[in-house]
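One structure below.
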Amino acid sequence: MDYFIHLAILIGIYSILGVSLNLVVGYTGLLSVTHAAFYGLGAYVVAILLTAYGWAFWPALLVAIIFTGLVAFLIGLVLSRFAGDYYALGSFGFNIIVFSIFLNWQSVTRGPLGIPGIARPEIFGVSFGDNLMFLGLVVLLALLIYLAAEYIAHSSFGRVLKAIREDEQAIQVFGYRTAYYKLTVFALGAMMAAVAGGLFAVYITFIDPSSFNLMESIFVLAIIILGGLANNKGAVLGAVFLILLPEVLRFVGFPSDVAAQLRQVVYGLLLIVLMVYRPQGLVGEYKL
Amino acid sequence: MSIEIKNLTKCFDGVKAVNNLSLEFLPGQITGIIGPNGSGKSTLVNLLTGVIPFDRGLVLLGSDTKLSKLAAYDVAEYGITRTFQDARLFEQMTVLDNILVVLTERNLFSAFFERHKKFHLDEAEKLLTQVGLWEKRQALTANLSYGQRKLLEVARTLAMKSEIYFFDEPFAGLFSEMIKIVSGVLVELKKTDKTVVLVEHNMDLIRELSDTVVVLDAGELLTVGRPEEVLSRKEVVEAYLGE
Ligand SMILES: Nc1ncnc2c1ncn2[C@@H]1O[C@H](COP(=O)(O)OP(=O)(O)OP(=O)(O)O)[C@@H](O)[C@H]1O
Ligand SMILES: [Mg+2]
C-alpha cells in the first residue's frame, strides 16, 4: 500500500512538472529543455532554507517560487534572442549550467554529497510525515496548479500564447509585443516547477544534483509529448503513464533491476513510435 | 489617415526588390497596385507592415508621424493592418479564436484576467457572419478550404478597426460569390474614409474597384494614375506582356 502511495506522490509531482512545461512547450511552442533546472532550483532553495536556516516549509516554498521566477525571467530574456532549434539548444545549455552550479557550488549546495535531513512540513500542528497525509498535500497543490494552467490556457492571454506558437510575426503585426508574453509564461512555468521541486525535496528528505540533470528535463518533455501537447489533461495522463511504466514492466515479469534499466529504452522507443504514428500524442491538439 | 513613402528601398542580396519608391496612399480611396510577378508588390506591403525592415527611406503617417523604421509590433498602433498573400492564419486554433485574438485586450495583465467579453463575441459574430464563416466558428482553421482561409484573413483585418488596410491579392483563386463579399468589404472601407491598398492581378477588379492605380516594375514606379488611363498605356501593357 505504501508503495502505491509513493507512486501516487511521484505522479502528482510529475504532473505539476508536465502541466507547467506544457504551458511553455505545448501552448506557446517554445521548445524548452531546461525545466529540470527550475525544478532543481525550487528543491534546493527549499532544502537550504529548511536545513541551514530552520525555516518553515511554506515561507521557504514561497521564496523558492519567487527566486525561481526571477532566474527564469533572466534566462528567458537571453533565450528570447533565439528561435526554433537554437532555442532548444540554448535552453539545453542553461540546464547544464544550473546543474553544474548545484554540483560545484559546494559551500551552499554541498555538491555531489547532496543535502540530507530535510524535514517534512508541518502545517498548523498537522504533520505531513505520514505519506498518506503528504499525498493529500501533493494532490492539493497539483490540483491548484492544474486549475491555474487551465485558467491560463483559456484566458485571452492563453489565446495569444497559442497564436505565438502558430505564427509569432503575424500576431505581432496584429499588435502584440510577443516577447513579454513569452517571458511571462516562461517564468510562470518555472515557478510552478519550483513548487514540484519543493515538494520533492521534503518528500524524499534528501536531494542531490543528479535528480535535476538534463535527462530529467527530457523525461518531463517525454511526459507531455506522450500525453499530448497543449492539453493539460494530457500532461497528467503522460505523467501517470511514464511513472507507472517501469512498474508494469516489473509486473509482467522483468526482474526489477532489468526493469529499471529497460525503462529508458522503453521511453525512447515509445517516443519514436508515437512520433511516427501519433505525433499529436494521446490527447494533444498540437504537434511539434 | 494617409500614408506616404519617400525613397523607400529594400535589397535582397543585391536584388533591389523595392527601389527608391515614393508614393502616397489617400484615405477614402482604393489604390490598386499592379505589376508583373516579382515586381516588389508584396515586398512593399511587407515593408509598410514591419514584416521586413527597409534599408532606406521614410514612411509618413498622416501629417505628423515620420518614421525611418517600422517594427511589426508597432504597426497596429499606427493604425495599419494587412492580409498576407499566402494566408498566415493561426492554424491550430478555431476560426472564432483567430478573430477573438485580435479583438481582445492587448495589455498583458488585462488579457490575463479575461477570456473575452460579450461585446467581443458579438463583434466576432458580426465579422464572421459578414464573410459567411460564423457557422464554421468552432472549426479548426487548418481544416478550412482555400477560399474560406482568404475570407478569414479579410475578417481578421476588419477586426483590427484600423485606418490603413493593405490587401495582398485577396481575390486570388476565389469563386465569384466570395469575390463579391471581399469587394463589398473594400468598398465599405472606402466609404468610411479608410485608406485601402489593393495588390491585385485581376485587371477587371482593379478597373472596377480602384480610384488610383500604381504600376510597379522591378521594384520601381512605372506609372501612376486613374485606372482607365493607366491600364491603356503602352509601357504598362508591355510590362505585363514582358512577363
Ligand atoms: N524574403 C525575401 N528574401 C529574398 N528575396 C525576396 C524576399 N521577398 C521577396 N524577394 C524577392 O524580391 C522580389 C520581389 O518579390 P515580391 O514578392 O515583392 O513580388 P510581387 O510583386 O509580390 O510578386 P507576385 O505578383 O508574384 O506576388 C522578387 O525578386 C523576390 O524573389
Ligand atoms: Mg506578391
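The values are calculated or read from the model by the stated rules, or taken from the named source; none is laboratory data. Nothing here was measured: the structure is a model prediction, and the numbers come from that model. Quick reminder, even Gly has a Cβ in these numbers, built from the backbone with ideal geometry, and neighbours come from all protein chains shown. These area figures cover heavy atoms from the full protein model, side chains too; ligands, DNA and RNA do not enter into them. Shrake-Rupley method; radii C 1.70, N 1.55, O 1.52, S 1.80 Å.
Worth pointing out:
- Chains B and A together, accessible area buried on both sides, 1.4 angstrom probe, square angstrom: 2700 Å²
- Drop in accessible area of at least 30 Å² in the complex versus isolated chain, residues of the range B:85-122, 1.4 Å probe: B:ARG88, B:PHE90, B:GLN92, B:MET93, B:ASP97, B:VAL101, B:ARG106, B:LEU108, B:ALA111, B:PHE112, B:ARG115
- Protein heavy-atom accessible surface, 1.4 Å probe, per residue over the protein assembly as shown: 43 Å².
- Radius ratio Rg over Rh of the range B:88-161, counting only Cα atoms, Kirkwood formula for Rh: 0.96
- Of the solvent-accessible surface of the range A:2-213, computed with a 1.4 Å probe and all protein chains present, 71% belongs to carbon and sulfur.
- With every protein chain in place, the range B:30-90: carbon and sulfur % of accessible area (1.4 Å): 43 percent
- Packing order of peptides B:42-50, A:263-271, A:46-54, B:63-71, highest average first: B:42-50, A:46-54, A:263-271, B:63-71 (average count of other Cβ atoms within 10 Å over each peptide's residues).
- Cα convex hull of chain B, projected area averaged across orientations, nm²: 13.7 nm²
- Global geometry of chain A, whether rounded, prolate or oblate, following the gyration tensor of its Cα atoms and the 1.5 cut on a/c: oblate
- Three principal axis lengths of the protein assembly as shown [C-alpha, angstrom, descending]: 88, 45, 42
- Here the contact order of the range B:88-161, divided by its residue count and restricted to Cα pairs under 8 Å and six or more residues apart, works out to 49 percent.
- Nearest-10 value in Å² for the accessible area of A:ARG159, using the 1.4 Å probe: 10 Å²
- Low-density loop cleavage sites - chymotrypsin sites (Phe, Trp or Tyr not before Pro) in the range A:122-168, where at most 12 other Cβ are within 10 Å (DSSP): A:PHE124
- Among the listed pairs B:LYS16/B:LYS234; A:LYS233/B:LYS117; B:LYS41/B:LYS126; B:LYS161/B:LYS191, those beyond 21 Å (Cα-Cα): B:LYS16/B:LYS234; A:LYS233/B:LYS117; B:LYS41/B:LYS126
- Three-way shape call for the range B:15-91 based on the alpha-carbon gyration tensor, with the a/c threshold at 1.5: rounded
- Proximal aspartates and glutamates to B:LYS6, defined as alpha-carbon separation beneath 14 angstrom and excluding residues fewer than eight positions away on the same chain: B:GLU24, B:ASP55, B:GLU220
- Just so you know, the averaged projected area of the alpha carbon convex hull for the range B:22-146 sits at 10.3 nm².
- Peptide-level mean, for A:163-171, of C-beta atoms on other protein chains within 10 Å: 6
- Exposure rank, largest accessible area first [A:TRP105, A:TRP58; 1.4 Å]: A:TRP105, A:TRP58
- When all protein chains stay in place and ligands, DNA and RNA are ignored, the 1.4 Å accessible-area order of A:ARG250, B:ARG156, A:ARG120, largest first, is A:ARG250, A:ARG120, B:ARG156.
- Summing +1 for each Lys or Arg and -1 for each Asp or Glu among the other residues whose beta-carbon sits under 12 angstrom from that of B:PRO227 gives -3.
- Reduction of at least 30 Å² in accessible surface, 1.4 Å probe, comparing all protein chains with the chain by itself, residues of the range B:27-51: B:VAL51
- Here the dipole of the protein assembly as shown is about 660 debye; that uses its Cα centre as origin and unit charges on the Cβ of Lys and Arg (positive) and Asp and Glu (negative).
- Test item: A:150-162 mean partner chain Cβ contacts at 10 Å: 6
- Simple point charges give the picture: +1 on the Cβ of Lys and Arg, -1 on the Cβ of Asp and Glu, and for chain B a dipole about the Cα centre of about 460 debye.
- Phi-derived couplings, Karplus 6.51 cos²θ - 1.76 cosθ + 1.60 at θ = phi - 60°, listed residue by residue for the range A:150-166: 4, 4, 4, 4, 9, 7, 4, 4, x, 5, 5, 4, 5, 5, 4, 4, 6 Hz, with x used for Gly and Pro.
- Derived scalar couplings between HN and Hα for the range A:238-254 equal x, 5, 4, 4, 6, 6, 7, 3, x, 5, 5, 4, 5, 5, 7, x, 6 Hz in order, rounded to whole Hz, by the Karplus curve 6.51 cos²θ - 1.76 cosθ + 1.60 (θ = phi - 60°), x for Gly and Pro.
- Remark: spin-label model distance A:VAL252-B:ILE179 equals 6.1 nm, labels positioned 7 Å along the Cα→Cβ axis.
- Residues A:TYR87, B:TYR78, ordered by accessible area of protein heavy atoms at a 1.4 angstrom probe radius and largest first, appear as B:TYR78, A:TYR87.
- With DNA, RNA and ligands ignored, accessible area of B:VAL51 (1.4 Å probe; Å², nearest 10): 20 Å²
- By the rule of a C-alpha distance below 17 Å, with chain neighbours fewer than 8 residues away ignored, the lysines paired with A:LYS182 are A:LYS162.
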